[in-house]
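The values are calculated or read from the model by the stated rules, or taken from the named source; none is laboratory data. Bear in mind the structure is a predicted one, so any value in this text is a computation, not a measurement. Every residue, glycine among them, receives a Cβ derived from its backbone with ideal geometry; neighbour counts consider all protein chains shown. The accessibility values were calculated without ligands, DNA or RNA, using every heavy atom of the protein model including side chains. Shrake-Rupley method; radii C 1.70, N 1.55, O 1.52, S 1.80 Å.
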Amino acid sequence: MISFFIFQQPLSSNKIEFLNVSLLLIRNILEATERSVEFDPQMPSYSQSHSYEIDQRLQQNEIVLNLFAQGFDNLLMDMMASLAYPEKDEWVVTIIQVIAAIYRNRRVEDIEAHLRKMRESNAVVSFDNDGKNIPWSNSTNSDDQQKMTNEQRWKTNIRNLRNSLKKHLSNERAISHVLAKFTIDFMQNGFCIILKQLPQQLKKKDNHLIDMSHLLWLLVNFLPFTFQLGQKPNFLKDVLTTDLMCYLVWVVVQETENVQLNSINADTDSKPSIRRLHLGVRAVFEYLQALEKYSQIQESGGGKNNFSQCGEEWPFQLLQKLLAMDELRQLFLLLLHHFSKEIQSDQCLFDIICANHVLLLTLERAVRQPEYSASFDLNHHMNQFCTKTIVARYGSALEEFRTNDYLVNESIFTMLRRVGCELGRLDLLCQPIILRPLSKIWEEDFEICDDWHDLIERLVRKFTEDLFNDWEKVCPPTSKSPDKESFHVMESDQLPLDTLAEEIASDHDPLTETYGDIKSLIFELTSAGFNKQLSWIQSSLLTACAARLGIYAGQEFRYAVCCSCVAMKMSSPIVPWTELEAFGLRSERFRYLLQLMGLIPQFTQLFFYPKIPSEWSADILFSFAVLFGPIPDHVDFDLTLVKIVNLPMLPHF
């Protein structure tokens, strides 16, 4: 019945609803709690427990195998193929929920291993409506079986499945085989279709049926299969897009804020946000990994680096756009600065470090190519990692050097070598959290490459020399001005943002004091040396203004977070990407300025990022920006498009 309706054109709303409800029923069956099991009262308790675990697996596996025996996998493929029709795009939500339920409690590594075995043995397995190929047998059907009716064949399939379940108690081999085959079919026929439709559904503000975790889960678990299955570069052309990366950056920024806020709010469970944040980081990592694999830069015969695209143009074009994505580069600074070992896992830190490593390698190769026109200074970007806080995160990850995989250790050492040797900041590495693991690596003769040995030797020499010098020669001179290049020295003297949020949540609210109107407050902050932080706020207002005017149409990747929020009609966060910007939020007077402007809600107890209200027009944004001083010459829009208007005070959002 379902398959009969799928390709009917056009489908009535009732038939669409029928198909969607049918899928929901299957999803609920797959997600349902396992049936209770009655035990022999004379059976020992440990035997009951073991029997219960086996029976639980049997029940779930039997449901999946029965569905596939009836051709449910083919049905799903047909439904995904029909998503090209506009009236059927609402199915995408339920389809991905069903697929997630099918893979529930299945490790990706197990499926990968089975895929390798299948490729090595060239095994081809499917459950089709004709009953050909049941997964544990490669025998062909007899002439008698071919004469069976469809109903008889279906009953035969079910009987064979049940016999197999009895024979193989855990039946993991059977279910692994089925899921491996389904994975191949899904990657070839449904993966790209789903990933083209799902982000559009997620961006609908009123769509509460779907969790963004489904998109992240798809990328994390299935994107690695593309290379393993030998898919050509063009396969991912419609998947690896700037729109997708913009959405991922927005998700990670949003969940970074949620994790910080939820961790200090005893009434809120922070685990869902922590899980989504890690999924988001991993999704960015897999995206960058896939792009790196499909857009390698190779040495040509002439000795010059040339871009090798395997005949495809899109990787080159995508890399051009990624070079202009400032917020993608800054994202890892934000993640590293706000990483908390108390609430986040070590694996999340490893993924942040590895994703940043892959991005830096990609950007470093790209900026050396004449085909690319890099719009940023890579050395300037790298200098932002030269802070004690950021370096300490790498030291924390290096403490697990014995159990880290090669990519994690390589990513850590590469960054430490950049900071210590290439950027000349060995002094930042002379802290216990770095020296401890390095000394153990040295003592244990842990296998590392020559470049890493060079770093350790130089660091040991530097540390030894500094023991005989005054401490002032190790640390740059301190300054009260936040504009100095030695800003990193002050970081330990300032309140971190999570402490700030706790302070605001307490009974004592330091923001109740009055510092005067906005203009006089800006003048005070300018005199106090907050020029760069004030420029950050003005620049954010002007960017939001340009986004409201539609200036970035077709180039939303330039300002991923702001443009995503405008598209979804949400308040736009002013993200403190750097520690210099975060420093401004630790100042009472600076925070009070933002509160007077309405960028920090007046009646909320907790905040992490200042936010631009979604209802503010381009004129309001421009009028606020003018208060900070002359508008920069490099502003992205024509000033004749806006005018100064009366400002709303203390809006609610």
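Selection of region 14-69 for residues being open to solvent by 80 Å² or more (accessible area, probe 1.4 Å), out of contact with any helix residue (DSSP H, G or I) (no Cβ under 9 Å at 6 or more places or on another chain) and either modelled with pLDDT of 75 or more or part of a helix (DSSP H, G or I) (or both) yields N14, E17, L25, S45, Y46, H50, Y52, E53. Would you check if M325 is surrounded by 17 or more Cβ atoms within 10 Å (Cβ to Cβ), in contact with a Ser or Thr (Cβ under 9 Å, 6 or more places away or on another chain), within 17 Å of F557 (Cβ to Cβ) and modelled with pLDDT of 90 or more? Criteria met by M325. In region 599-626, what residues are at pLDDT 90 or above, of a type in the set (A, V, I, L, M, F, W, C) and touching a helix residue (DSSP H, G or I) at 6+ places or on another chain (Cβ under 6 Å)? Hits for region 599-626 are I612, A618, L621, F622, F624, A625. Please work out if Q344 is part of a loop (DSSP other than H, G, I, E, B), touching a residue at least 24 places away in the same chain (Cβ under 8 Å) and closer than 18 Å to V284 by Cα. Yes; evaluated as a whole, the condition is true for this residue.
Being polar (S, T, N, Q), over 27 Å from E109 (Cβ atoms) and open to solvent by less than 50 Å² (accessible area, probe 1.4 Å) is not true of Q228. Selection over region 232-262 of residues that are assigned to a helix (DSSP H, G or I) and at pLDDT 90 or above gives a count of 18.
The helices (runs of 4 or more DSSP H) falling completely within region 393-456 that include 2 or more residues that are open to solvent by 50 Å² or more (accessible area, probe 1.4 Å) and under 17 Å from V358 (Cβ atoms) map to 406-417.
Among the residues of region 247-295, which ones are of a type in the set (D, E, K, R), within 11 Å of the chain's Cα centre (by Cα) and under 19 Å from L236 (Cβ atoms)? Hits for region 247-295 are R282, E286. Of all the residues in region 246-260, those that are open to solvent by 30 Å² or more (accessible area, probe 1.4 Å) and among the hydrophobic types (A, V, I, L, M, F, W, C) number 0.
So for region 563-580 (the condition being more than 24 Å from the chain's Cα centre (by Cα) and open to solvent by 20 Å² or more (accessible area, probe 1.4 Å)), does at least one residue qualify?
Step one: list which residues in region 563-580 are more than 24 Å from the chain's Cα centre (by Cα), which gives 580.
Applying the additional criterion that residues be open to solvent by 20 Å² or more (accessible area, probe 1.4 Å) yields 580.
Among the residues of region 563-580, at least one is more than 24 Å from the chain's Cα centre (by Cα) and open to solvent by 20 Å² or more (accessible area, probe 1.4 Å), which makes the answer yes.
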